[in-house]
Amino acid sequence: MEPILTWARVNSIWAVHFNSGSCNGCDIEILSTLTPYYDVERLGIELRGSPRHADVLVVTGAVTRQARDRLLRIHAQMPDPAFVMAVGTCAIGGGVFQGCYNVVGSVSDLLPVDMAVPGCPPRPAAIIAGFAALMERIRKGEPA
Amino acid sequence: MLDDLFALLVFPGGLFVVVCGLVYMWLNRKLIARLQNRIGPRWFQPAADTMKLLGNEEIMPAGVDPVLFHLFPLLAAAGALTAALYVPLGGVNPAFSFEGDLIVTITLLGLLTLMTGLAGSLSADRFALVGANRTLTQLFSYEVPFLLALLGPALAAGSWQLQEILASHGGRWLLIMQPIGFVVAILGLLGKLELHPFDAPEANTEIVAGALTEYSGRGLALFYLSRGIELVIGLTLVSALYLGGIGSPLAFLAKTLGLLLGITLIEALMTRLRIDQTVSLWWRLMSVAVLVQLLIVVIVGRI
Ligand code: SF4
């Protein structure tokens, strides 16, 4: 059963997108990734509205005090196995917002990040490459 | 006994209709993608989605009734799978047939929508509640005209039994004789499957995922599968009644796929109607149209 399940998980990635305090640059790039030009549905990636349906939480931006609890709550609402993908320099390490009075830290300070996509903002191709690398990690069974 | 089990589990119920549902769902998504100038999902996509959902954790939100929460998806799937036994799937005769099975089939098909609505109203989640409200509102708007549209051929044949209706029409294309009924049936099918333009109940850009917002894992997978099964059965039913019956596997493929192409074209062309627009379309226009159609059938007699 396990190999079939892994195959299904690799080939069907439903994502939910959360902005934890980004400047919106990364979000716009994520939206472009979902346009017909890049067509991620051909790779089995779909954007879902509900965290209950999602496998991957795509987080953009440094985590602000306001967003912290909501980020944790949305992550807790996802069914196991839930993967976290940090998109953009801010989500990875705070970026330009590092040390701001309203910023708690990066995503990895709060959640286990399974895949990080660097860039300010990363191009859609880089985001797709991030998804591909995440699929490869799921195939190898690396993220818990 | 063994025959019945085979009909129940392998063909035409059970395995066959599930696989058929997955394939038709893929075709629907692929066609939409091609019409939008995209490449579209790979052929195994719905199967992979379902398997992944079955393997995922099923979260039960706080405060819902655990029995009902698990029962609704099961009932939805059971209704769809049972309906498969009464329609000429794959071009062979239905596994079971009795006087009035047309009504039973339509009722069983309605079970999925009803269960979706009830499942949504189970939780305290506001998106699920709005979605459930819209699902049930839509159910009450399209169900009656859809039923009447499928009764047109039955009235013309003077029987409530699918087998007899098909035999009495003997391969005539009712589409030519009852065009209004055909249009209403097609649109009813779109409403039943919550496809564009009738997808206000699950409008994922406004109310997250509609009635199924709180469902994950197995429950969601069952609803997903039932949707596919319902697509196949709906296509079979409409093409059997309106497109001159389904006499052979080839006719089944040709007619249902042709119809699928038709509804996919409508789906790709249309944008979402607001729920009040949906209701007024059905009650002001469609139900009147289908009543006129029935009147014509009654007056002209057995056409
Ligand atoms: S990485 Fe750049 S584009 Fe993305 S949120 Fe930070 S500053 Fe904005």
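Structure notes:
- Hits in segment A:5-38 - residues which are of a type in the set (A, V, I, L, M) and open to solvent by 30 Å² or more (accessible area, probe 1.4 Å): A:5, A:28, A:31, A:34
For every residue, the table says whether it meets (1) among the hydrophobic types (A, V, I, L, M, F, W, C); (2) over 12 Å from the mean Cα position of the chain (by Cα); (3) within 14 Å of chain A (Cβ to nearest Cβ).
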{"residue": "B:211", "(1), (2), (3)": "yes, yes, yes"}
{"residue": "B:217", "(1), (2), (3)": "no, yes, yes"}
{"residue": "B:233", "(1), (2), (3)": "yes, no, no"}
{"residue": "B:238", "(1), (2), (3)": "yes, no, no"}
{"residue": "B:249", "(1), (2), (3)": "no, yes, no"}
{"residue": "B:257", "(1), (2), (3)": "yes, yes, no"}
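- Check on residue B:44, buried (at least 16 other Cβ atoms within 10 Å of the Cβ) and more than 13 Å from chain A (Cβ to nearest Cβ): no
- The criterion of at least 2 residues that are closer than 30 Å to residue B:121 by Cα is met, among helices (runs of 4 or more DSSP H) falling completely within segment B:171-258, by B:179-192, B:217-242.
- Residues satisfying the stated conditions in segment A:48-95, i.e. within 16 Å of the ligand (Cβ to nearest atom), open to solvent by 20 Å² or more (accessible area, probe 1.4 Å) and either free of Cβ contacts under 8 Å to residues at least 40 places away in the same chain or within 14 Å of chain B (Cβ to nearest Cβ) (or both): A:89, A:92, A:93, A:95
- Of all residues making up segment A:112-134, the number that are buried (at least 19 other Cβ atoms within 10 Å of the Cβ) and away from the ligand (no atom under 16 Å from the Cβ): 3
- Test: residue in segment A:99-111 that is of a type in the set (S, T, N, Q), more than 13 Å from the ligand (Cβ to nearest atom) and not in a helix (DSSP H, G or I): yes
- Taken together, the residues in segment A:10-21 that are away from the ligand (no atom under 16 Å from the Cβ) and either of a type in the set (S, T, N, Q) or at the interface with another protein chain (Cβ under 9 Å from one of its Cβ atoms) (or both) amount to 5.
- In segment A:22-47, residue farthest from residue B:38 (Cα to Cα) [restricted to those that are near the ligand (Cβ under 8 Å from one of its atoms) and touching a helix residue (DSSP H, G or I) at 6+ places or on another chain (Cβ under 7 Å)]: A:22
- The residues of segment B:5-29 that are farther than 13 Å from residue B:224 by Cα and within 13 Å of another protein chain (Cβ to nearest Cβ), listed by number, are B:28, B:29.
- The residues listed here are B:61, B:94, B:73, B:88; of these, the one that is within 14 Å of chain A (Cβ to nearest Cβ) and surrounded by 20 or more Cβ atoms within 10 Å (Cβ to Cβ) is B:73.
- Inter-residue pairs, beta-carbon under 7 Å, first within 14 Å of chain A (Cβ to nearest Cβ) and in segment B:126-143, second of a type in the set (Asp, Glu), 6+ apart: B:128/B:214; B:131/B:202
- Selection status of residue B:120, part of a helix (DSSP H, G or I) and either of a type in the set (S, T, N, Q) or under 14 Å from the mean Cα position of the chain (by Cα) (or both): no
- Restricting segment B:181-193 to residues that are modelled with pLDDT of 85 or more and among the aliphatic types (A, V, I, L, M) leaves a set whose member that is surrounded by the most Cβ atoms within 10 Å (Cβ to Cβ) is B:185.
- Remark: pairs (first residue in segment B:30-41, more than 7 Å from chain A (Cβ to nearest Cβ) and under 17 Å from residue B:260 (Cβ atoms); second residue in a loop (DSSP other than H, G, I, E, B) and open to solvent by less than 50 Å² (accessible area, probe 1.4 Å); Cβ separation under 9 Å; 6+ apart in sequence or on different chains) = B:30/B:40; B:30/B:41; B:31/B:40; B:32/B:38; B:32/B:40; B:34/B:40.
- Residue B:272 meets each of the listed conditions (1) among the basic types (Lys, Arg); (2) in contact (Cβ under 8 Å) with a residue 24 or more places away in the chain; (3) assigned to a helix (DSSP H, G or I) apart from (3).
The values are calculated or read from the model by the stated rules, or taken from the named source; none is laboratory data. These numbers come from a predicted model, not from an experiment. For neighbour counting, all protein chains shown are included, and Cβ atoms are generated from backbone atoms with ideal geometry for every residue, glycine included. Heads up: the accessible areas ignore ligands, DNA and RNA and are worked out on the full protein's heavy atoms, side chains in. Shrake-Rupley method; radii C 1.70, N 1.55, O 1.52, S 1.80 Å.
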